[in-house]
There are 2 protein chains.
Amino acid sequence: MYIERIDSLMDLKKLNLDQCMVLADEIREALLNTISVTGGHLSSNLGIIEATIALHYVFNSPEDKIIFDTSHQCYTHKILTGRKNAYLEPQQYKRYSGYTNPDESVHDHFKLGHTSTSISLACGLARARDLRGDKSNVIAVIGDGSLSGGEALEGLNYGGAEIKGNLIILINDNQMSIAENYGGIYKNIKTLRETKGKTDNNLFKLLGYDYRYVENGNDIRELVPVLQEIKNINHPIIIHVCTMKGKGYDIAENNKEETHFVKPFDLKIGDIQKPVIGERYDVIIREFLIKKIRADRNIVIMTAAMPVVLALSKDVRESIGEQYIDVGIAEEHAISMAGGIAKSGGKPIFFTRATFYQRTYDQISQDICINNLPITMILINASIYAATDMTHIGIFDIAMMANIPNLVMLVPTNKQEYLAMLNWSIEQNKHPVAIRAPRNGVYYANYEVDTDYDELNKFKLVIQGEDIAVIALGDFYQLGEEVIKLMKDKIHINASLINPRYATGIDETLLKRISEDHDIVITLEDGILDGGFGQKISAFYGNSDIRVLNYGFKKEFTDCYLVDEILRKNRLQPEMIVEDIISLKEKISV
Amino acid sequence: MYIERIDSLMDLKKLNLDQCMVLADEIREALLNTISVTGGHLSSNLGIIEATIALHYVFNSPEDKIIFDTSHQCYTHKILTGRKNAYLEPQQYKRYSGYTNPDESVHDHFKLGHTSTSISLACGLARARDLRGDKSNVIAVIGDGSLSGGEALEGLNYGGAEIKGNLIILINDNQMSIAENYGGIYKNIKTLRETKGKTDNNLFKLLGYDYRYVENGNDIRELVPVLQEIKNINHPIIIHVCTMKGKGYDIAENNKEETHFVKPFDLKIGDIQKPVIGERYDVIIREFLIKKIRADRNIVIMTAAMPVVLALSKDVRESIGEQYIDVGIAEEHAISMAGGIAKSGGKPIFFTRATFYQRTYDQISQDICINNLPITMILINASIYAATDMTHIGIFDIAMMANIPNLVMLVPTNKQEYLAMLNWSIEQNKHPVAIRAPRNGVYYANYEVDTDYDELNKFKLVIQGEDIAVIALGDFYQLGEEVIKLMKDKIHINASLINPRYATGIDETLLKRISEDHDIVITLEDGILDGGFGQKISAFYGNSDIRVLNYGFKKEFTDCYLVDEILRKNRLQPEMIVEDIISLKEKISV
């Protein structure tokens, strides 16, 4: 086994190319054995094993700097740079991030997780190197659909024309975004592929780049001579490398999209698509939208390469036809295009993960909110209970979006409320609306759910009590219920429970009314405290003698956290909250 | 005079092409006469007169929809669509927005002001039209450097390949961004121009577009036949129209960048560059940076097409050489590239208007803040005193940026403090830093200014008083001084005055200390209240009996506001604040 002897890049460089091919097979086996147990990015990593080996074989990291775009395809890189245990022993897997991380290795330059940034980062490294008069190679590895993102296009436009020294962009052409690719660039890449790089219609040359084509990017013997030839090149160049996503594992090769990221599965059975057990919001939303679409030709559902978050398989997408639009990784374009559709009387519904709305802040603010265009934005994974890696945490969206004027952000607490809000949003034509989906499980309403949300910022007083009012937003509503119950049990207070429903404003009438027979208000939100919902309540009561305690998360990036730990750290357990209330009550009565 | 007879587009269509050319001259004269009195976008509007006339001559607005990117070049469009008075009578000019505005006319489809969105918006209009099975033309007019923005590139990539029906993109090729153009696309556009559109290396064709070239875009007789030919075309097409920015006014033709936007000037003298009277932050910052750059080769100053906001003329830029980088309109690329430079040990300083940081939220959060890369971001016009049009208001940046973890946002109150903070930011290597420049004039410190800002969130207690503490952020510090003085005069209270200096966190030690001998805390900030600085103070005191009043702006988009009015509306006058304090004190003592 060669893999066992690879403790550093020096060990790789001792091998010959045939031995490297054996190593690639061993790495493939290790990745399959581990990811099938741990879950992770599967097909993207299987496809880029050979290219990663070839890069490290030819270049001298860390002097030569390799930037993996998004960095979800960095597993082989980690194996080669001293972290093979993560993939040889599944129990070690969690010790490392699934992305590049400079805290782990000098061979990792950035913590990354959102797509399309590698070319710009590489331009910066190259420019700083040239200013210093140094010589080294800077290599951006980009693929898997990331090229259609605005920043990648800005970087591509800039790099070829404006970087005067070495800049190597390796395009991993696996013919895929996460789902299909969209746009003219990919058509040109297809033409390049079909002509083995020989067509005169070469986008990259036209943008000022030199260009090389590697037909079999899963063959190290084909890759290495090309990389050796262009090593230390003195100008920007594109290396177009064709690879097969999922290479070497039948089920991944034939289900590239479904195996992009997988949960644990049985390697032999290949049960990558698990039956859904119990209710899930992705399926609930999907089924609701499909019904709506069939009844109304003006409805369009849109995404930016994220059909997976609503469990929209290829079959389902095809059945929707023209009313389904995937723009590829291009969130900015998607949001403004949705605005154009709304302006024309259509009913656009855009959906993606909450964290990716950050990529289109300006379009939401300028094109959508200034123009008050009625688009619906569905936020998936907007919760501490969702992705736990620091680049995908879902607790920043309220602070980011809910302070943009004109936006209506709805935060339902249960299934009926979610669907009522979604339906209202689709059918109204006055406001841009963002809706968070709960992530703490699918709860059913235990109060009457409204169908009309026209009266903005109208909170719902679900339980009328006294002394203490708990305002519990979204999927922390159930935490609010627990707090109420615990207070009753422990300190015999019948507290009030309020479902605020809107994160973008406050219900001044209700807040004034409860100030008459309550002296403590608790706010709970599944998001950061700074700039969040609770601080609006604190500010409202600032000139009164009502005491307000805000519960939510500290403003920080935490990587690979354990949910229970982070909840405890932020005193987000019913017992802790009731403790705080007891000590505040004691303080007041002194 | 034809212009006097143009009350609607019908009147335009009655003219023949020669008469249209006379009309163009009349419009040019009207624009010059008016803009020289009122100020406004000059050279960009002078260049596009003929193309606008030709578009409206051939197409039937509003059924055919024309979207002007950024819409700063919409003056001729406004003249032709019933709003000529704005440009014939300077006193009427202010009645209309300087941008397109659907509230003014059915021929305006969106309120726009940030660049690079028109193609995506047009794709949305086209897609909705096709879904309905309608027929009409959708035309995006884009130029002046906007093509290098990420969203425009995403839209360009999408439109040519994915829109199946009519989509017309008119590229106004005036060879300029606001300053120079950067990037490979512009190189290709240059090649197209040099070959009169005949080169085989045609980026637009390669992306799936049909293509037409118009050599003299300032000649209506050349434009109209081409537009007539492609009217009702059934697929996406690019019309590449060469125009001269500033056309017809010598001084504008020869000073395209300086006349992009002008203040009032004398038409005959052409005094477009006024001598600077008194101190101004743009010049102060520029001079400081030039000194720093000359002493340290690792410093790089960067912008995205906005050298104007630091008064960096072409001569000065050239004198800086390699240490000055303009990436063109491409803020996302700029920020991540700055991150790459910082990672490599360089000291990047990026500057642009505050409102444009919105365009790169995700890069600031992911590439910069998650990686804690020490870049300096200079925010210009982050204030109510700056641009008053709704797309450029400078009061949203604190809510947007200051809630991103790891970012340090500094808010100086005077010249010495600004420069001390800027210097600290450039020389430290631990934090990403954003610095707001005051906009209420250049004040000098009347307290000792610190040089070291390593101790984050350390507020400065400038005046130690009692009972009431005023925490006055940034350029509202002088308002704080006025409030303090007025309280002394009116209610004989010696209040405390605190300069918080940081917008990204609070000084818990100081806040606890002042809670001992103060019972009211006032916060003042030149930004919106929601998600802002003051709400962090309110939240901190939520569990105490300290009363907090937050002053700042309501979360809303206000267009073409008068500063005094908006200050009054938000009770941001010393007299009003003291009134509020008096009535709160009365309420407490009851």
Worksheet item: If the Cβ limit is 9 Å and pairs must be 6+ apart or interchain, which residue in the range B:105-127 that is without any contact (Cβ under 8 Å) to a residue 24 or more places away in the chain pairs with which residue that is of a type in the set (S, T, Y)?
Response: B:G124/A:S336; B:G124/A:S344
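Would you check if there is a residue in the range B:218-233 being basic (K, R) and in contact with a Leu (Cβ under 6 Å, 6 or more places away or on another chain)?
We begin by selecting, within the range B:218-233, every residue basic (K, R); these are B:221, B:231.
Checking the rest, the ones that are also in contact with a Leu (Cβ under 6 Å, 6 or more places away or on another chain) come to B:221.
Among the residues of the range B:218-233, at least one is basic (K, R) and in contact with a Leu (Cβ under 6 Å, 6 or more places away or on another chain), which makes the answer yes.
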Fill in: the range B:148-189 - residue that is at the interface with another protein chain (Cβ under 8 Å from one of its Cβ atoms) and of a type in the set (A, V, I, L, M) and, of those, nearest to A:G340 (Cα to Cα)
B:L156
Worksheet entry | Meets criteria (surrounded by fewer than 24 Cβ atoms within 10 Å (Cβ to Cβ), farther than 20 Å from A:A51 by Cβ and assigned by TED's automatic domain parsing to the domain that holds A:H235) for A:E154 | no
Discussion item. Return the residues of the range A:560-590 that are outside any helix (DSSP H, G or I) and either out of contact with any Lys or Arg (no Cβ under 8 Å at 6 or more places or on another chain) or assigned by TED's automatic domain parsing to the domain that holds A:G394 (or both); say none if nothing qualifies.
Written reply: A:Y561, A:L562, A:R571, A:L572, A:Q573, A:V590
Practice prompt. Exactly one condition in (1) within 10 Å of chain B (Cβ to nearest Cβ); (2) in contact (Cβ under 8 Å) with a residue 12 or more places away in the chain; (3) not β-branched (V, I, T) is not met by A:S61; state its number.
Written response: (1)
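Which one is nearest to B:F557 (Cα to Cα), of the residues in the range B:94-147 that are assigned to a loop (DSSP other than H, G, I, E, B), among the hydrophobic types (A, V, I, L, M, F, W, C) and at the interface with another protein chain (Cβ under 9 Å from one of its Cβ atoms)? Before the answer, list the steps.
In the first step, residues of the range B:94-147 are kept if they are assigned to a loop (DSSP other than H, G, I, E, B); the result is B:96-117, B:133-137, B:144-145.
So of that shortlist, the ones also among the hydrophobic types (A, V, I, L, M, F, W, C) come out as B:106, B:110, B:112.
Applying the additional criterion that residues be at the interface with another protein chain (Cβ under 9 Å from one of its Cβ atoms) yields B:110, B:112.
Numbers: B:F110: 15, B:L112: 13 Å.
Looking at residues that are assigned to a loop (DSSP other than H, G, I, E, B), among the hydrophobic types (A, V, I, L, M, F, W, C) and at the interface with another protein chain (Cβ under 9 Å from one of its Cβ atoms), I get B:L112.
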Item to complete: Would you please name the residue that is nearest to the other protein chains (Cβ to nearest Cβ), looking only at residues in the range A:503-539 that are in contact with an Asp or Glu (Cβ under 6 Å, 6 or more places away or on another chain) and part of a helix (DSSP H, G or I)?
Response: A:G534
Worksheet entry | Among (1) surrounded by fewer than 24 Cβ atoms within 10 Å (Cβ to Cβ); (2) of a type outside the set (A, V, I, L, M, F, W, C); (3) under 26 Å from B:N234 (Cβ atoms), the one test that B:K84 misses | (3)
Worksheet, complete the sentence: Looking across the range A:374-395 at residues that are over 14 Å from the mean Cα position of the chain (by Cα) and either away from chain B (no Cβ under 14 Å) or polar (S, T, N, Q) (or both), the single one that is farthest from A:T115 (Cα to Cα) is A:T376
Response to the item:
Taking the range A:486-502 and keeping only residues that are more than 12 Å from A:V470 (Cβ to Cβ) and either assigned to a helix (DSSP H, G or I) or within 14 Å of chain B (Cβ to nearest Cβ) (or both), one is left with A:D489, A:K490, A:I491, A:Y502
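Output the number of residues of the range B:311-329 satisfying the condition of being part of a loop (DSSP other than H, G, I, E, B) and not polar (S, T, N, Q). Don't jump to the end; show me each part of the working.
Of the residues in the range B:311-329, the ones part of a loop (DSSP other than H, G, I, E, B) are B:311-313, B:327-329.
If we keep only those that are not polar (S, T, N, Q) as well, we get B:311-312, B:327-329.
Residues meeting the conditions: 5.
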Worksheet item: Could you list, in sequence order, the residues of the range A:532-549 that are under 8 Å from B:A539 (Cα atoms) and surrounded by fewer than 24 Cβ atoms within 10 Å (Cβ to Cβ)?
Response: A:L549
Practice prompt. Find the residue count for the range B:254-290, including only residues that are touching a strand residue (DSSP E or B) at 6+ places or on another chain (Cβ under 9 Å), of a type in the set (F, W, Y) and assigned to a loop (DSSP other than H, G, I, E, B).
Written response: 1
Fill in: Search result, residues across the range A:78-118 that are among the aromatic types (F, W, Y) and touching a Pro at 6+ places or on another chain (Cβ under 9 Å)
A:F110
Practice prompt. Give B:G98, B:G113, B:G47 a once-over and let me know the one that is under 25 Å from B:E222 (Cβ atoms), surrounded by 21 or more Cβ atoms within 10 Å (Cβ to Cβ) and touching a Gly at 6+ places or on another chain (Cβ under 9 Å).
Written response: B:G47
Worksheet, complete the sentence: If you go through B:G465, B:G552, the only one that is in a strand (DSSP E or B) and either at pLDDT 95 or above or crowded, with 17+ Cβ neighbours inside 10 Å (or both) is B:G552
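Filtering the range A:332-351 down to residues that are assigned to a helix (DSSP H, G or I) and of a type outside the set (A, V, I, L, M, F, W, C), which residue is farthest from B:D64 (Cα to Cα)? If you could, list the steps in order and put the result at the bottom.
Restricting attention to the range A:332-351, the residues satisfying the condition of being assigned to a helix (DSSP H, G or I) are A:332-343.
Right, trim to of a type outside the set (A, V, I, L, M, F, W, C) and you get A:332-333, A:336, A:339-340, A:343.
Numbers: A:E332: 24, A:H333: 22, A:S336: 19, A:G339: 17, A:G340: 14, A:K343: 14 Å.
The extreme case among them is A:E332.
Table: residues versus (1) out of contact with any helix residue (DSSP H, G or I) (no Cβ under 8 Å at 6 or more places or on another chain); (2) among the β-branched types (V, I, T); (3) under 26 Å from A:I520 (Cβ atoms).
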| residue | (1), (2), (3) |
| --- | --- |
| A:N423 | no, no, no |
| A:Y444 | no, no, no |
| A:E466 | no, no, yes |
| A:D489 | yes, no, yes |
Worksheet item: Is there any pair linking a residue in the range B:518-543 that is without any contact (Cβ under 8 Å) to a residue 24 or more places away in the chain to one that is outside any strand (DSSP E or B) and not hydrophobic (A, V, I, L, M, F, W, C), with Cβ under 6 Å and at least six apart or on different chains, and which?
Response: B:Q535/A:Q535; B:S538/A:S538; B:S538/A:G542; B:A539/A:Q535; B:A539/A:S538; B:G542/A:S538
Worksheet item: Take the residues of the range B:31-40 that are over 18 Å from B:D250 (Cβ atoms) and of a type outside the set (V, I, T): which is farthest from the chain's Cα centre (by Cα)?
Response: B:G39
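To keep it simple, each residue is scored yes or no on (1) in a helix (DSSP H, G or I); (2) touching a Cys at 6+ places or on another chain (Cβ under 6 Å); (3) closer than 23 Å to B:E222 by Cα.
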position: B:E4; (1), (2), (3): yes, no, no
position: B:M10; (1), (2), (3): yes, no, yes
position: B:L15; (1), (2), (3): no, no, yes
position: B:M21; (1), (2), (3): yes, no, yes
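Any chance the range A:36-44 includes a residue that's in a helix (DSSP H, G or I) and of a type outside the set (G, A, S)? Full working, then the answer.
Taking the range A:36-44 first, the residues in a helix (DSSP H, G or I) are A:36-38, A:43-44.
Now drop any that are not of a type outside the set (G, A, S), which leaves A:37-38.
Yes, the conditions are met somewhere in the range A:36-44.
Any idea which residue in the range B:396-431 is nearest to A:L407 (Cα to Cα), counting only those that are in a loop (DSSP other than H, G, I, E, B) and within 12 Å of chain A (Cβ to nearest Cβ)?
Step one: of the range B:396-431, the residues in a loop (DSSP other than H, G, I, E, B) are B:396, B:402-407, B:411-414, B:428-431.
Keeping just the survivors that are within 12 Å of chain A (Cβ to nearest Cβ) gives B:396, B:402-407.
Numbers: B:F396: 14, B:A402: 20, B:N403: 18, B:I404: 20, B:P405: 23, B:N406: 26, B:L407: 25 Å.
This residue is B:F396.
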Worksheet item: Regarding A:A342, is this residue crowded, with 21+ Cβ neighbours inside 10 Å and under 15 Å from the mean Cα position of the chain (by Cα)?
Response: no
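The values are calculated or read from the model by the stated rules, or taken from the named source; none is laboratory data. Bear in mind that the values here come from a model prediction, so they are computed numbers and not experimental data. A quick note on method: Cβ atoms are made from the backbone with ideal geometry, for glycine too, and the neighbour counts reach across all protein chains shown.
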